[in-house]
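Working notes, beginning with the structure itself.
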Amino acid sequence: MDQFYTFTMLISITAFAFASTMTPGPNNIMLLSSGLTFGYKRTIPHALGVNLGFPIMLICVGLGAGELFEVFPFIYTILKVLGISYLLWMAWHIANTKGVPNTEKIKDKPFTFFQAALFQWVNPKAWVAAIASTTAFITDQQIASMQVMIISCIYFFCAILSTNSWSLGGVLLKRFIQNDRLIQIFNVTMAILIIGSILPFVFE
């Protein structure tokens, strides 16, 4: 490991990955809402999609997609517009989700594994994190592929902690929110937070 990163660099990468994955963003807000609305068990596929989807995306960015954006910046702009549009649609969907404490009565469906994994490709925060990580922590092009793998592994373990924390946070909130009306108010609040989380990307 030392030939790829020093111990200090590994600490820096871990701290950056932890901050990126744990702070509020579209993924975490949707997991919190899903944990409250659908419960932990039904949110597991969503969480797994984030856990694996983002590291795979980061590997792709680190192994060449970042250079593609430098040559064709309009591709990033297109993805940004698609991502923001999709997040606005998701915010509307979450705001209109009517969950109830008895999960058997829930008609809406949580994210599937593949939906959550594919969502990373239109998530502006995920793109910023992936590009920032590979730009900051790939220190030698000769060993860039191995460094990308190490960064992705660190993100994978941080994402496990993050997705479980936010999903379980929603489950715990369910103890204090015991009727449809309150859950809907909560989901509307989460939708507003999603919109707020993408505003910096809209005006950058």
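Between ASP180 and HIS93, the simple label model (points 7 Å from Cα in the Cβ direction) yields a spacing of 2.1 nm.
Measuring r between the beta carbons of ASP140 and SER165 and using R0 = 41 Å, the FRET efficiency lands at 0.75.
Segment LEU82..ALA19, full-extension length gain: 20.2 nm, with 0.36 nm per residue of separation and the alpha-carbon distance subtracted. Spin-label model, PHE4 to LYS41: label points 7 Å out along the Cα-to-beta-carbon direction sit 3.8 nm apart.
The chymotrypsin sites (Phe, Trp or Tyr not before Pro) found in the range 139-196 that occupy coil by DSSP, while having at most 16 further C-beta atoms within 10 Å, are PHE176.
Estimated at 0.36 nm per residue, the fully extended path between ALA132 and LEU173 surpasses their Cα-Cα distance by 11.5 nm. Among the trypsin sites (Lys or Arg not before Pro) within the range 107-177, those in coil by DSSP and having at most 12 neighbouring Cβ atoms inside 10 Å are LYS107, ARG175.
Cα-based radius of gyration for the range 115-175, normalised by 2.2 N^0.38 Å, reads 1.41.
Each value in this text was obtained by applying a stated rule to the coordinates, not by laboratory testing. These figures come from a predicted structure and were not determined experimentally. Positions of Cβ are generated from backbone atoms using ideal geometry, with glycine treated the same way; all protein chains shown enter the neighbour counts.
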